[in-house]
Amino acid sequence: MQRIKFLASLLNPQLNNDNFKCVLDIGSDHGHLLKIAFENKYISKAIATDNKILPLEKAKNNLKGYDVSYFLSDGFKDIPLDTAYDACVIAGLGGITIQNILTLAFKNNNAKYILGPNDHIYDLRNFLCNNNFKIIDEHIVYEKFYYIIIVAVQGNMKLSKKELYTGIYLKNKPLAKDYFNNLIKILSNINLTCDKITKQKNDILIKYYLNY
Ligand SMILES: C[S@@+](CC[C@H](N)C(=O)[O-])C[C@H]1O[C@@H](n2cnc3c(N)ncnc32)[C@H](O)[C@@H]1O
């Protein structure tokens with residue numbers, strides 16, 4: 001629950017500068033994140049969405065008594081266009097899926113996007129930079145694996161190739177050293193048996209990670 005609790009804590013008005021009026025959770029599954037946020041009084045209104053009926057039914061059951069609207073929807077596709085939200089969580093999904101979902105995010109809102117990709121972090125950062133999103137913070141959570149949480153808003157930003165791999169907000173985060181050392185270890189192990197071209201590519205990444 002470490003990851004989910006951390007994601008919920010990003011909705012806590014006492015720890016952040018925001019007091020979100022309505023949180024949209026895309027891929028809410030059984031609604032655990034929203035339940036923690038409601039129970040701790042971080043939020044008072046939410047929208048739970050999933051592209052599968054069963055998880056959405058479980059969420060309805062788990063979130064009984066709270067002010068929640070539900071949509072069976074692939075990403076934003078079947079969420080009514082006039083739906084208002086000022087925070088949007090998309091977590092526990094692949095980075096490419098999150099990227100695909102964000103292509104239909106409602107434009108011209110001031111919402112904060114809290115993104116928890118399971119993989120393809122580089123691609124997601126690259127997508128955000130090229131699609132009018134600006135990353136405003138990143139976090140690392142450890143629960144069996146290291147997870148990167150990206151916080152973004154609509155806006156503009158440019159990142160260098162190195163920054164797309166390392167992010168620019170992880171430097172001083174508590175788990176940064178462990179996270180990057182772990183990536184270096186994985187690449188160094190691959191380098192023991194891989195071909196020359198892969199090793200050259202990995203060596204560039206190792207350099208980036210050493211100098212995060
Ligand atoms: C692994 S769970 C993650 C649940 C929770 N968000 C978390 O961070 O733990 C992924 C959920 O997203 C749903 N999902 C997958 N693709 C989706 C999409 N394109 N749109 C909406 N929900 C999606 C799945 O049905 C599943 O319930």
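Quick look at the values:
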quantity: Single residue of 142, 208 found to be aromatic (Phe, Trp, Tyr), more than 14 Å from residue 121 (Cβ to Cβ) and either assigned to a helix (DSSP H, G or I) or modelled with pLDDT of 95 or more (or both); calculated: 142
quantity: Hey, residue 78 assigned to a loop (DSSP other than H, G, I, E, B) and either surrounded by fewer than 14 Cβ atoms within 10 Å (Cβ to Cβ) or in contact with a strand residue (DSSP E or B) (Cβ under 7 Å, 6 or more places away or on another chain) (or both) or not; calculated: yes
quantity: Restricting the stretch 5-32 to residues that are touching a Phe, Trp or Tyr at 6+ places or on another chain (Cβ under 7 Å) and without any contact (Cβ under 8 Å) to a residue 40 or more places away in the chain, the residue that is nearest to the ligand (Cβ to nearest atom); calculated: 8
quantity: Selection status of residue 123, part of a helix (DSSP H, G or I), assigned by TED's automatic domain parsing to the domain that holds residue 13, acidic (Asp, Glu) and more than 13 Å from the ligand (Cβ to nearest atom); calculated: yes
quantity: Given (1) among the hydroxyl-bearing types (Ser, Thr, Tyr); (2) within 11 Å of the ligand (Cβ to nearest atom); (3) surrounded by fewer than 16 Cβ atoms within 10 Å (Cβ to Cβ), number of the condition residue 69 does not satisfy; calculated: (2)
quantity: Residue in the stretch 47-59 that is within 19 Å of residue 112 (Cα to Cα) and assigned to a helix (DSSP H, G or I) present; calculated: no
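The values are calculated or read from the model by the stated rules, or taken from the named source; none is laboratory data. Every value quoted in this text rests on a predicted model; they were computed, and no experiment measured them. All Cβ positions, glycine included, derive from the backbone under ideal geometry; neighbour counts span all protein chains shown.
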